[in-house]
Amino acid sequence: MNQAIRWGIWGTGHIANKVASDFEHAGGAIVHAVASRSGERARLFAAQVGAARWHEGLDALLRDKEVEVVYVATPHHLHLDDCLACIEAGKAVLCEKPFALNEGQARRMVDAARSRGVFCMEAMWTRFLPAVVEAKRLVASGELGSVRMVQGNFAHPATEAPESRLFSLGMGGGALLDIGVYVISLAQHLLGAPEAVRGTAIMGATGVDVQSAYQLAFPCGAIADVAASLQVLGNNEFVVLGKSGLLRLCEPFYAAQRLEFEAHDNRRVVERSVKTLPFAGHGYQFELMEVNRCIREGSTESAIMSWNDTLEVMGTMDALRAQFGLVYPQEQTARG
């Protein structure tokens with residue numbers, strides 16, 4: 001039996017807590033150490049998640065020789081420097097989405113991982129869920145016929161506050177980077193990179209998009225109409241429409257445990273089926289298992305969430321932000 005891979009967690013916020021709680025479902029992975037800029041927060045978090053060690057600061061975590069892979073759970077604007085530090089230290093990296101603020105930053109991270117021969121992956125956990133794996137299989141098998149349309153939204157209201165990372169311009173806030181990335185990444189996972197991108201956004205008082213909509217046109221002839229909102233509650237479903245059928249990742253699609261399928265014939269529904277694919281915990285264990293698998297096999301990237309996939313999604317979001325006129329302070333003072 002393979003020895004458990006020892007993980008370190010950098011960041012002690014809400015998402016770090018949820019991911020840490022799913023290690024018990026991953027198998028072959030343990031939270032060995034946690035770290036925060038505050039030693040007290042790190043100590044409390046370690047006790048909460050059962051980590052053997054805690055460290056004050058990223059440098060201390062990276063000096064821990066028993067840590068094999070670091071889960072970076074810091075805000076968006078810190079991903080570049082945090083991941084580059086991990087890679088330079090020779091630690092494998094799982095970085096929270098969005099991978100970076102822009103494609104230029106993401107490319108620097110990928111180039112560093114490639115140069116050092118270090119595993120690195122964006123934590124787009126939705127791609128690894130059993131229901132999404134099945135949706136990908138159905139699309140690839142042709143059971144839906146030629147895909148012509150994708151529809152979906154990720155919409156949850158949040159209190160607009162300048163100090164919140166969701167609405168902070170300096171922290172890379174906004175609906176697009178925080179939750180719009182889910183619908184875009186899933187559409188591109190199923191259909192590849194778009195050949196044309198159009199978007200519109202409602203900008204909030206802090207200068208970030210509080211809700212935005214995206215239309216992606218794909219070489220296969222399909223169009224994705226997807227949206228994200230921090231102002232309203234949506235149905236949070238994701239639907240793929242083909243000439244011969246339809247599939248629906250039921251609410252919430254980003255943590256889907258139910259997949260509905262319809263077969264069509266001459267404008268009629270001739271068959272309906274429902275597949276339930278439940279899992280324990282929140283669903284983050286599947287990406288943890290993928291990272292473990294890749295590390296054990298000596299791979300530096302995942303075929304399911306490849307570096308090229310990440311770069312293409314970042315490129316799509318760059319194009320959308322250019323249309324919104326949304327520029328982050330880091331992009332004004334330094335080239336991505």
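Between helix 39-49 and the chain, what is the angle of the helix's C-alpha long axis to the longest principal axis, kept within 0 to 90° and rounded to the nearest 10? Taking the Cα atoms of the chain, the angle to 39-49 is about 60 degrees. Each 5 Å bin from zero up to the one holding the largest Cα-Cα distance in region 5-126 carries the following percent of pairs: 2, 13, 24, 26, 20, 11, 4, 0.
With a simple spin-label model that places each label point 7 Å from the Cα along the Cα-to-Cβ direction, the separation between GLN323 and ARG63 comes to 4.9 nm.
Along its principal axes, region 202-336 has C-alpha extents of 57, 43, 32 angstrom, given from the largest down.
Label point of ASN17 set 7 angstrom out along Cα-Cβ; within region 43-72, amide nitrogens under 16 Å from it belong to 43-51. Each Lys and Arg contributes +1 and each Asp and Glu -1, all at the Cβ; summed about the Cα centre of the chain, the dipole is approximately 320 debye. Indicate the gyration tensor shape class of region 130-278 (rounded, prolate or oblate), computed on the Cα atoms with a ≥ b ≥ c the square roots of the eigenvalues: a/c under 1.5 is rounded; otherwise a/b larger than b/c is prolate and the rest oblate. Verdict is prolate for region 130-278. One chain, two ends: ASP111 and GLN215. Fully extended at 0.36 nm per residue, the span grows by 34.5 nm beyond their Cα-Cα distance.
Modelled spin-label separation between ARG137 and GLU297, with each label point placed 7 Å from Cα along the Cα-to-Cβ direction: 1.7 nm. One decimal place: the segment VAL269-GLN231 gains 10.2 nm when fully extended, by the rule 0.36 nm per residue minus the C-alpha distance.
Qualifying GluC sites (Glu not before Pro) in region 45-100, where qualification requires a DSSP coil assignment and no more than 15 other C-beta atoms within 10 Å, comprise GLU66. Under 15 Å from a label point 7 Å along Cα→Cβ of ALA193: give me every residue in region 297-319 with its amide N that close. Counting backbone N atoms under 15 Å from the label point, the list is 306-319. All Cα-Cα distances of the chain, cut into 10 Å bins from zero to the largest, leave 6, 25, 34, 25, 8, 1, 0 percent in each bin in turn. Give me the log10 of I(q) over I(0) for region 173-250 at q = 0.18, 0.21, 0.22 Å⁻¹, as the Debye formula computes it from C-alpha points; what are the numbers? Log-scaled intensity ratios, in q order: -0.75, -0.97, -1.04. Simple rule: put +1 on each Lys or Arg Cβ and -1 on each Asp or Glu Cβ in region 194-261, find the dipole, and look at LEU249, ILE223, PHE261; the Cα lying farthest toward the positive end is PHE261. Expressed as a rounded percentage, what relative contact order does the chain have, with Cα pairs under 8 Å and six or more residues apart? Once divided by the residue count of the chain, the mean separation gives 19 percent.
If the limit is 28 Å between Cα atoms, which of LYS18/LYS65; LYS91/LYS275; LYS18/LYS243 go over it? Long pairs (Cα-Cα over 28 Å): LYS91/LYS275; LYS18/LYS243.
A short reminder: the numbers here are calculations on the coordinates, not readings from a lab. Keep in mind that what you see is a predicted model, and the values were worked out from it rather than measured. Counting neighbours? That spans all protein chains shown, and the Cβs are built from the backbone with ideal geometry, glycine included.
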